[in-house]
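The values are calculated or read from the model by the stated rules, or taken from the named source; none is laboratory data. Everything numeric in this text was worked out from a predicted model, so none of it was measured. Every residue, glycine as well, gets a Cβ built from its backbone with ideal geometry; the counts of neighbours run over all protein chains shown.
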Amino acid sequence: MYFPARTISLREDLNLIRFMPPRLKAFIQYVVILLVTALLIWYALSRISVSEGHNRWEYILNTWRQADKVWLGIMAVFAITSHILRAMRWKMLMKPAGYKVSLASSFLSLMVGYLVNLVIPRGGEVSRCYNLYKLERTPVDVAFGTVVVERAVDLICLCLLILLAFALEWDKLVGFVQTLEFALPGQRVTIVLPVAGLALLGVLWYLAKRNQRVRNFFRKTWAGLKRGLLSIVTLENKGRFIGFSILIWVMYFLMSWAVIRAFEPTAHLGFKAVTSLFAIGSIAMAAPLPGGTGSYHVLVPQGLSLLYGLVLADAVALTFVFHGWQTLIMVVGGALSLLATAVITRKR
């Protein structure tokens, strides 16, 4: 039996999207993110050339077996140290906002946030604030304001790192950027993003003007965010905060250095190479994907192969091992922190 196709107008399409349940919207966004991640992982794996009868995952497993486990252990120590330093810095930011939290609560909440980030991109920022609320009863909006400060400082550190990498390896990095097919998609993005931002602000302003409850919500949220954002201005020891920020990124750099030393094909690379690869990896991890999965597996092998002549298959396998080891540390740490939070809150 034949059923004629129903023509849906643009107005009806917009209404369908507008009245779509929030959970359904979140589900669709999550599915899209997973599809993009899976596509990038597939693309990365396709770059490992193996002979007939051999398996790509076996190739990666052999790379893991050949890795120097001592250097991977040293990398894990640097990773945990960076998390402790970050928890100490967050604890500093919470104090001027009017809340004295313990280092244990800050660390547990941070690790829970890392765990959530592996599942929901950028979801860790909110979840760590909520976890801190469960442990210390600190308002989520105030804690989120301090997280915004942290991200701003980290962005500055990342920009400085990229500038340093280009200063050390200008010719190589410029050549690397030019090889990326998606490096310059056109000027349309620069126009669309500001327009979309202004449109969103306009919608929020309209809602706040027409609805008292919405207006009160924005006022309360902004008051909490402002307290968190202004916490850096009223810090008792700004030098210590800057020192923590520098040490955190030094630990990140040492993590990359330790991993590069753990594999024979890259053990000979020096400071300049580690800086360049660290910058590329940091940019890849900033992508809105679960833990940088996919983007990291595509960009870093490209850099290892083009800049330093590594065999592409070895570069991809090395990246899978490094990212997998780093992810395992976050999963174990986050799961234990989640369990510890549950035990502490239940006792209370």
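Identify, from the list 336, 310, the residue that is touching a helix residue (DSSP H, G or I) at 6+ places or on another chain (Cβ under 8 Å) and either closer than 20 Å to residue 168 by Cα or small (Gly, Ala, Ser) (or both).
Being touching a helix residue (DSSP H, G or I) at 6+ places or on another chain (Cβ under 8 Å) and either closer than 20 Å to residue 168 by Cα or small (Gly, Ala, Ser) (or both) holds for just one of 336, 310, which is 310.
Considering only segment 222-248, state which residues are at pLDDT 65 or above and aromatic (Phe, Trp, Tyr).
241, 244
So which residues in segment 68-117 are surrounded by 19 or more Cβ atoms within 10 Å (Cβ to Cβ) and either basic (Lys, Arg) or not in a helix (DSSP H, G or I) (or both)?
Of everything in segment 68-117, those that are surrounded by 19 or more Cβ atoms within 10 Å (Cβ to Cβ) and either basic (Lys, Arg) or not in a helix (DSSP H, G or I) (or both) turn out to be 86, 89, 91, 97, 99, 101.
Kindly provide the set of residues from segment 308-324 that are out of contact with any Phe, Trp or Tyr (no Cβ under 6 Å at 6 or more places or on another chain) and buried (at least 21 other Cβ atoms within 10 Å of the Cβ), ordered by number.
Once the filter is applied, which keeps residues that are out of contact with any Phe, Trp or Tyr (no Cβ under 6 Å at 6 or more places or on another chain) and buried (at least 21 other Cβ atoms within 10 Å of the Cβ), segment 308-324 yields 315, 316, 319, 320, 322.
Could you list, in sequence order, the residues of segment 114-138 that are within 27 Å of residue 294 (Cα to Cα), free of Cβ contacts under 8 Å to residues at least 40 places away in the same chain and in contact with a Lys or Arg (Cβ under 9 Å, 6 or more places away or on another chain)?
125
Scan segment 259-272 for residues that are of a type outside the set (D, E, K, R) and surrounded by fewer than 22 Cβ atoms within 10 Å (Cβ to Cβ) and jot them down.
Of everything in segment 259-272, those that are of a type outside the set (D, E, K, R) and surrounded by fewer than 22 Cβ atoms within 10 Å (Cβ to Cβ) turn out to be 265, 266, 267, 268, 269, 270, 271.
Right, residue 47: surrounded by 20 or more Cβ atoms within 10 Å (Cβ to Cβ), in contact (Cβ under 8 Å) with a residue 24 or more places away in the chain, of a type in the set (Lys, Arg) and out of contact with any Ser or Thr (no Cβ under 8 Å at 6 or more places or on another chain) or not?
For residue 47, the condition - surrounded by 20 or more Cβ atoms within 10 Å (Cβ to Cβ), in contact (Cβ under 8 Å) with a residue 24 or more places away in the chain, of a type in the set (Lys, Arg) and out of contact with any Ser or Thr (no Cβ under 8 Å at 6 or more places or on another chain) - is not met.
Against the conditions (1) modelled with pLDDT under 85; (2) out of contact with any Gly (no Cβ under 6 Å at 6 or more places or on another chain); (3) surrounded by 17 or more Cβ atoms within 10 Å (Cβ to Cβ), where does residue 347 fall short? Just the number, please.
Exception for residue 347: condition (3).
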